[in-house]
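Only one structure is covered here, and it is reproduced in the block below.
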Amino acid sequence: MRPIYEGRALNFTWSQAGFDADGVFFHDSYVIDDLGEAGFRATAENEDRSDVYRFEDGYLYHAAIVKYGSEPSIQSQVFECAPA
């Protein structure tokens, strides 16, 4: 697999209130497991897609099963993150 949007930039913030991002978080709410200062794991699902995220050591890993279109597909992305 390769990233669906290769070379794409992502801006996001993460706090106790949740996520604020420009284009990779697709759901209104997530089940979030806090991994302490190391990061988080988040999951969400609806009838169109299932998403899992893990933020650890400055990387955001995202995988999705997308169920719309002619047939389901798996999408995978890894973002290297730096504090802004």
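Overview of results
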| read-out | value |
| --- | --- |
| Count of residues meeting criterion [out of contact with any Phe, Trp or Tyr (no Cβ under 9 Å at 6 or more places or on another chain) and on the phi < 0 side of the Ramachandran plot] in region 55-74 | 9 |
| Gly69, sole failed condition from (1) modelled with pLDDT under 85; (2) outside any loop (DSSP other than H, G, I, E, B) | (2) |
| Of all residues in region 65-84 being touching a residue at least 24 places away in the same chain (Cβ under 8 Å) and out of contact with any Gly (no Cβ under 8 Å at 6 or more places or on another chain), the one that is surrounded by the most Cβ atoms within 10 Å (Cβ to Cβ) | Gln77 |
| Of the criteria (1) modelled with pLDDT of 90 or more; (2) assigned to a loop (DSSP other than H, G, I, E, B), which one Ala63 fails | (2) |
| Failed condition for His27, given (1) surrounded by 13 or more Cβ atoms within 10 Å (Cβ to Cβ); (2) modelled with pLDDT under 85; (3) assigned to a strand (DSSP E or B) | (3) |
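The values are calculated or read from the model by the stated rules, or taken from the named source; none is laboratory data. What you see is a predicted model, and the numbers here were worked out from it, not measured in a lab. Because the Cβ atoms are built from the backbone with ideal geometry, glycine has one as well, and the counts that use them run over all protein chains shown.
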